[in-house]
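Q: Okay, handing you the structure first.
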Amino acid sequence: MSDIPEVSAPVQWMRGWNKHLNSILKASDEDLLSQPIGHVTQQLSRALFVADVEPEGMDVLEIACGDGRTSCHMAKLGCKVQAFDAIPTALEVSRRRAELMEVSENTIFELSTMEEFQLESYDIVIALQCIQYLFDEAISKLKEIRDSIRPGGFVAYSGNIPPHFETEPKIRFINPNELKEIFDGWTVHSYGTEETLLKPDDLRGYVWLVARKSTN
Ligand SMILES: C[S@@+](CC[C@H](N)C(=O)[O-])C[C@H]1O[C@@H](n2cnc3c(N)ncnc32)[C@H](O)[C@@H]1O
């Protein structure tokens with residue numbers, strides 16, 4: 001794991017994600033391309049349509065992009081996507097996906113961490129299942145993200161909430177009230193919570209938000 005920068009999440013968690021990403025890397029081109037985009041990404045696409053916003057040329061940042069599915073989907077819509085993750089395999093999978101989807105020109109995948117990456121300003125910021133791994137810094141990072149979004153821009157966020165199995169250290173769940181407070185005044189395009197049984201005895205809670213900042 002010497003090629004993975006030290007981050008707030010414990011090394012064994014990073015190893016787990018790395019293992020998962022390595023298995024995706026071994027998949028055939030066909031299997032890689034057949035992986036569906038997630039619910040929150042679908043909701044973000046719908047939000048752009050409902051808001052009558054043309055995605056072409058929008059500046060998108062995806063934080064902790066994992067296997068790059070969401071970033072490549074946004075690039076396919078015409079957005080200019082910058083994405084980063086702390087695990088080199090994530091970038092390898094993402095770049096391969098971008099090539100297969102013919103969106104390499106619209107995507108930049110970088111090795112960086114949520115702790116170090118300097119946010120600039122964006123039309124869309126996507127942060128799915130990642131901010132919580134900053135623990136005590138999670139809330140302040142989400143506020144930084146909010147402040148980095150241009151007028152009329154969008155955020156797509158998801159994170160865990162209870163129920164969740166015990167972890168050490170404890171995940172910093174950003175609860176629905178905190179989330180709504182941080183994005184107070186924004187137009188909510190999609191918000192929800194759900195519980196999903198991922199495997200026997202592993203019921204997990206989720207909260208998501210797709211919201212638009214006012215245009216002025
Ligand atoms: C649960 S996965 C989510 C991946 C992707 N956002 C998605 O929703 O499919 C968590 C991701 O966060 C990344 N990650 C965890 N801590 C990080 C950090 N401090 N900086 C950058 N990436 C980090 C991991 O490498 C992993 O790809």
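The values are calculated or read from the model by the stated rules, or taken from the named source; none is laboratory data. No experiment lies behind these values; they were computed from the predicted model shown. Don't worry about glycine lacking a Cβ; one is built from the backbone with ideal geometry, like all the others, and counts go over all protein chains shown.
Q: Of the residues that sit in region 95-122 and are touching a helix residue (DSSP H, G or I) at 6+ places or on another chain (Cβ under 6 Å) and of a type in the set (Gly, Ala, Ser), which one is nearest to the ligand (Cβ to nearest atom)?
A: Step by step, filter region 95-122, then rank; the result is Ala98.
Q: Filter region 131-147 down to the residues that are under 15 Å from the mean Cα position of the chain (by Cα) and among the hydroxyl-bearing types (Ser, Thr, Tyr) and list them by number.
A: Residue satisfying the conditions is Tyr133 alone.
Q: If you don't mind, another one. Quick check on this structure: which one of Ala51, Ala27 is more than 11 Å from the ligand (Cβ to nearest atom), farther than 24 Å from Glu6 by Cα and either of a type in the set (Lys, Arg) or touching a His at 6+ places or on another chain (Cβ under 8 Å) (or both)?
A: Details: Ala27 fails: either of a type in the set (Lys, Arg) or touching a His at 6+ places or on another chain (Cβ under 8 Å) (or both).
When all the criteria are applied, what remains is Ala51.
Q: Any residue in region 177-185 that is in a strand (DSSP E or B) and either at pLDDT below 95 or surrounded by 12 or more Cβ atoms within 10 Å (Cβ to Cβ) (or both)?
A: The answer is no; no qualifying residue exists.
Q: Which of (1) over 13 Å from Gln132 (Cα atoms); (2) in a loop (DSSP other than H, G, I, E, B); (3) touching an Asp or Glu at 6+ places or on another chain (Cβ under 9 Å) does Arg172 not meet, given it meets every other one?
A: Result: Arg172 fails condition (1) only.
Q: Right, next: Just one of Val60, Val53, Val40 is in contact (Cβ under 8 Å) with a residue 24 or more places away in the chain, assigned to a loop (DSSP other than H, G, I, E, B), hydrophobic (A, V, I, L, M, F, W, C) and out of contact with any Pro (no Cβ under 8 Å at 6 or more places or on another chain); which is it? If you could, list the steps in order and put the result at the bottom.
A: Details: Val60 fails: assigned to a loop (DSSP other than H, G, I, E, B); Val40 fails: assigned to a loop (DSSP other than H, G, I, E, B).
That would be Val53, the only listed residue that is in contact (Cβ under 8 Å) with a residue 24 or more places away in the chain, assigned to a loop (DSSP other than H, G, I, E, B), hydrophobic (A, V, I, L, M, F, W, C) and out of contact with any Pro (no Cβ under 8 Å at 6 or more places or on another chain).
Q: Assuming Thr196 fulfils every condition listed in (1) more than 16 Å from the ligand (Cβ to nearest atom); (2) under 26 Å from Lys19 (Cα atoms) apart from one, which condition is it?
A: Of (1) more than 16 Å from the ligand (Cβ to nearest atom); (2) under 26 Å from Lys19 (Cα atoms), only one is false for Thr196: (1).
Q: Here's something else I'd like to know. Being over 15 Å from the mean Cα position of the chain (by Cα) and under 19 Å from Ala211 (Cβ atoms): is that true of His164 here?
A: Values: over 15 Å from the mean Cα position of the chain (by Cα): yes; under 19 Å from Ala211 (Cβ atoms): no.
No: the conditions fail for His164.
Q: Within region 1-37, take every residue that is among the polar types (S, T, N, Q) and part of a helix (DSSP H, G or I) and give me the one that is nearest to the chain's Cα centre (by Cα).
A: Of region 1-37, the ones among the polar types (S, T, N, Q) are 2, 8, 12, 18, 22-23, 28, 34-35.
When the remaining residues are screened for being part of a helix (DSSP H, G or I), the result is 12, 18, 22-23, 34.
Details: Gln12: 21, Asn18: 16, Asn22: 19, Ser23: 20, Ser34: 19 Å.
Here the residue is Asn18.
Q: Pairs needed: first member in region 77-88, of a type in the set (Asp, Glu); second member anywhere, assigned to a strand (DSSP E or B) and surrounded by 19 or more Cβ atoms within 10 Å (Cβ to Cβ); C-beta distance under 9 Å; at least 6 residues apart or different chains.
A: Partner pairs satisfying both residue conditions: Asp85/Glu62; Asp85/Ile63; Asp85/Phe109.
Q: With the requirement that a residue be in a strand (DSSP E or B) and either of a type in the set (Ser, Thr, Tyr) or on the phi > 0 side of the Ramachandran plot (or both), what does region 193-213 give you? Break it down into steps so the answer makes sense when it comes.
A: Step one: list which residues in region 193-213 are in a strand (DSSP E or B), which gives 193-199, 202-212.
Answer for region 193-213, where residues must be in a strand (DSSP E or B) and either of a type in the set (Ser, Thr, Tyr) or on the phi > 0 side of the Ramachandran plot (or both): Thr193, Thr196, Tyr206.
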